[in-house]
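Asks: Supplied in structure tokens, the structure appears directly below.
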Amino acid sequence: MTAYMLAHLRRPEEIHPDVLEYKEKVEVALRPFSGRFIVRGGQLEVREGVWPGDVVLVEFPSMEQARGFYDSAAYQEILPLRTDHLDGDLIIVEGV
């Protein structure tokens, strides 16, 4: 069953160069797990509450593929490029 990785990232005043490096490298890390971006930033319209930041949504063929990506050595190696410079939340959720 399809799974999604959803991230809510709070954008700082200035984007650190490490974050740009992460954005380049994450696509390569996704390939072995058949992950593909559905939403990557883009225009956001808040209808309820407060939503500071950006949304990233990645689709995977299964929960196992999503977990495999997140836990992979390739992703864990580049993860600090993002987490050291952006605050955010990330979940993996099963689709219908």
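The values are calculated or read from the model by the stated rules, or taken from the named source; none is laboratory data. As the structure is a prediction and not an experimental result, all values here were calculated from the model. Neighbour counts are summed over all protein chains in view; Cβ atoms, including those assigned to glycine, are modelled from backbone coordinates with ideal geometry.
Asks: Collect the residues in segment 70-96 that are hydrophobic (A, V, I, L, M, F, W, C) and in contact with a helix residue (DSSP H, G or I) (Cβ under 7 Å, 6 or more places away or on another chain), keeping them in residue-number order. Lay out the reasoning, then the answer.
Replies: Initial filter on segment 70-96 (hydrophobic (A, V, I, L, M, F, W, C)): 73-74, 78-79, 81, 86, 90-93, 96.
Result: A74, I78, L81, L86, I92.
Asks: Does at least one position in segment 57-69 carry a residue that is out of contact with any helix residue (DSSP H, G or I) (no Cβ under 6 Å at 6 or more places or on another chain), at pLDDT below 95 and of a type in the set (A, V, I, L, M)?
Replies: Initial filter on segment 57-69 (out of contact with any helix residue (DSSP H, G or I) (no Cβ under 6 Å at 6 or more places or on another chain)): 57-59, 61-64, 66-67.
Add one more test, that the residue is at pLDDT below 95, and what stays is none.
Within segment 57-69, none of the residues are out of contact with any helix residue (DSSP H, G or I) (no Cβ under 6 Å at 6 or more places or on another chain), at pLDDT below 95 and of a type in the set (A, V, I, L, M).
Asks: Within segment 55-86, track down each residue that is part of a helix (DSSP H, G or I) and among the charged types (D, E, K, R). Can you show your working first?
Replies: Kept after step one, since they are part of a helix (DSSP H, G or I), are these residues of segment 55-86: 63-71, 73-83.
Residues satisfying the conditions are E64, R67, D71, E77, R82.
Asks: Could you list, in sequence order, all residues of segment 28-54 that are surrounded by 12 or more Cβ atoms within 10 Å (Cβ to Cβ), of a type outside the set (F, W, Y) and either in contact with a strand residue (DSSP E or B) (Cβ under 8 Å, 6 or more places away or on another chain) or part of a loop (DSSP other than H, G, I, E, B) (or both)? Talk me through it step by step, then tell me what you get.
Replies: Taking segment 28-54 first, the residues surrounded by 12 or more Cβ atoms within 10 Å (Cβ to Cβ) are 29-30, 32-41, 51, 53-54.
Retained after the next criterion (residues that are of a type outside the set (F, W, Y)): 29-30, 32, 34-36, 38-41, 53-54.
Matches in segment 28-54: L30, S34, G35, R36, I38, V39, R40, G41, G53, D54.
Asks: For segment 7-27, which residues satisfy the criterion of being closer than 15 Å to V56 by Cα, of a type in the set (D, E, K, R) and in a helix (DSSP H, G or I)? I'd like the intermediate steps shown before the answer.
Replies: Quick first cut of segment 7-27, residues closer than 15 Å to V56 by Cα only: 7-11, 19-20, 22-24, 26-27.
Add one more test, that the residue is of a type in the set (D, E, K, R), and what stays is 10-11, 23-24, 27.
K23, E24, E27, listed by residue number.
Asks: Separate question: When the residues of segment 66-78 are narrowed to those that are surrounded by 15 or more Cβ atoms within 10 Å (Cβ to Cβ) and within 13 Å of the chain's Cα centre (by Cα), which ends up nearest to M1 (Cα to Cα)?
Replies: A66
Asks: Looking at E48 and the list (1) free of Cβ contacts under 8 Å to residues at least 40 places away in the same chain; (2) under 14 Å from the mean Cα position of the chain (by Cα), which single condition is not satisfied?
Replies: The number of the failed condition is (2).
Asks: Which condition number in (1) in contact with a Ser or Thr (Cβ under 9 Å, 6 or more places away or on another chain); (2) at pLDDT below 95 is the one that P12 fails?
Replies: Condition not satisfied by P12: (1).
Asks: Right, another one. Under 8 Å by Cβ, and 6 or more places apart or on different chains, what pairs join a residue from segment 54-74 that is more than 16 Å from H8 (Cα to Cα) with one that is part of a strand (DSSP E or B) and among the aromatic types (F, W, Y)?
Replies: From residues that are more than 16 Å from H8 (Cα to Cα), the pairs are F60/Y4; A66/Y4; A66/F60; F69/F60.
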